[in-house]
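Derivation of every value follows stated rules applied to the coordinates shown; laboratory data play no part. Remember, it's a predicted structure, so these values are computed and weren't measured experimentally. Don't worry about glycine lacking a Cβ; one is built from the backbone with ideal geometry, like all the others, and counts go over all protein chains shown.
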Amino acid sequence: MEKNLKDTKEYYHQHYYHEDISNRIREGVFQKIHHKKRGSMGKKIFYISSAVIAAFVLFIGLAFYSPVVASVAAKVPFLKMIFESKPVPEMVSEALTKKGYKHEGIGVQYNPKKIFTVTIQGSEAYVDKVRPDVTRIVKEILLAREMDAYKIKVERAIDRHDQQPTAEEKGLMEKQEQIFAIVRNVLISYGYEHESIGMNAANTIELNLPKTETRIDEMKQQIQIKLTEQKLGTHTIHVRKYDPKKREREGRWSPIISTIADGIFGSKKFKVTGVGYTNRSAEYMMISIRTSVSSKDSDYKEVVTNIENTILEFLTSKETKAIIKDDAYKITIISKDKKETVITSD
């Protein structure tokens with residue numbers, strides 16, 4: 001069994017894992033990013049689900065029901081197990097669908113309290129009736145992944161029939177779609193098919209382009225010409241420049257960081273209140289982990305050691321090292337009273 005899992009994982013990395021997938025993962029997992037203390041090393045506080053690895057769906061599913069497979073799963077390191085399985089929200093969604101529960105959303109909140117929320121479609125009476133069973137399903141999945149830190153909340157989905165956009169809002173959305181289409185086509189003509197495009201409240205078009213790009217003024221001009229031709233008005237175009245090497249590194253690290261956050265946020269024993277990272281350093285990837293334990297607490301050493309050992313076990317595994325390559329990293333575990341424990345790749 002263990003050999004089959006190993007062979008499947010190696011096949012996945014050889015045939016499916018590449019930079020494009022990494023970049024798409026990066027774009028997806030940062031949907032729940034929140035900024036904390038602007039200007040403080042560019043840190044981003046987040047809770048994000050781990051990367052999807054389809055080859056392990058059967059294994060994880062069987063682990064819930066088969067004592068034999070469960071015993072094998074128990075021997076797999078904690079973070080490695082999370083990395084090699086579906087994200088919990090996806091597992092919950094599939095389990096609820098199988099039972100016939102129509103759900104509108106599944107969300108995770110970690111601040112100020114850790115709450116796993118599921119919204120169910122139906123009347124208040126119906127939701128009240130199915131709440132115990134839905135809660136049980138979610139709890140079983142969370143506990144199978146050793147995620148015991150969350151309070152489970154089952155809510156009724158809001159009826160959105162009366163929340164249709166107005167004619168003015170529809171017109172605005174259609175105009176923005178036209179603008180995005182023009183900008184996207186210009187970027188594609190310059191060889192940028194997957195770059196993100198944004199627009200703020202001031203109608204400023206925001207682009208992300210590598211700092212090595214020398215045709216930015218030309219690209220801006222082309223965008224504005226085409227917008228004018230389509231009578232879409234004049235727009236300010238703002239370009240954020242990024243370092244391609246750092247972005248490539250961040251793309252590879254994204255599923256790793258999300259797995260670390262997924263695991264240590266969800267388990268009570270780690271007492272984690274925040275996970276952040278910054279990719280600004282040219283020398284190494286920096287990750288910070290905040291805990292609710294004080295250095296004066298009797299269990300301080302145990303908690304910090306658990307976090308340290310769990311992360312090192314994951315980062316030094318063969319599978320993880322194949323992704324992060326020879327990248328240097330610095331991980332800081334911060335206690336409630338600001339005492340720091342530093343892990344480095346040196």
Using a cut-off of 14 Å between alpha-carbon atoms, which aspartates and glutamates can reach LYS338, once sequence neighbours fewer than 8 places away in the same chain are excluded? ASP297
Relative to the present Cα-Cα distance, how much length would full extension add between SER317 and ILE158 at 0.36 nm per residue of separation? 52.8 nm
Taking the Cβ of each residue in ASP217, ASP346, ASP148 as the centre, tally the other Cβ atoms inside 10 Å and list the residues starting with the fewest. ASP346, ASP217, ASP148
Past 30 Å, Cα to Cα: identify those pairs from LYS98/LYS269; LYS296/LYS330; LYS153/LYS175; LYS80/LYS139, in the order given. LYS98/LYS269; LYS153/LYS175
Take every DSSP beta bridge whose two residues both sit in region 245-344, then give the antiparallel share in percent to the nearest 5. 60 percent
Extended-chain gain in nm, criterion 0.36 nm per residue less alpha-carbon gap, THR214 and SER294: 23.7 nm
If you add up the charges near MET199, with Lys and Arg at +1 and Asp and Glu at -1, over every other residue whose beta carbon is less than 12 angstrom from its beta carbon, what do you get? -1
Label points 7 Å out from Cα along the Cβ direction at ARG136 and GLU206: separation in nm? 4.6 nm
So how far apart, in nm, are the two label points at VAL342 and ASN185 if each is 7 Å from Cα heading toward Cβ? 5.3 nm
Label LYS301 and ALA282 with points 7 Å out from Cα along Cα→Cβ: what is the distance between them in nm? 4.1 nm
Of ARG136, ARG131, how do they rank once you tally other Cβ atoms within 10 Å and put the fewest first? ARG136, ARG131
Return the aspartates and glutamates within reach of LYS211: Cα separation strictly under 20 angstrom, same-chain partners fewer than 8 residues apart disregarded; answer none if there are no such residues. GLU19, ASP20, GLU27, GLU193, GLU195, ASP243, GLU248, GLU250, GLU283
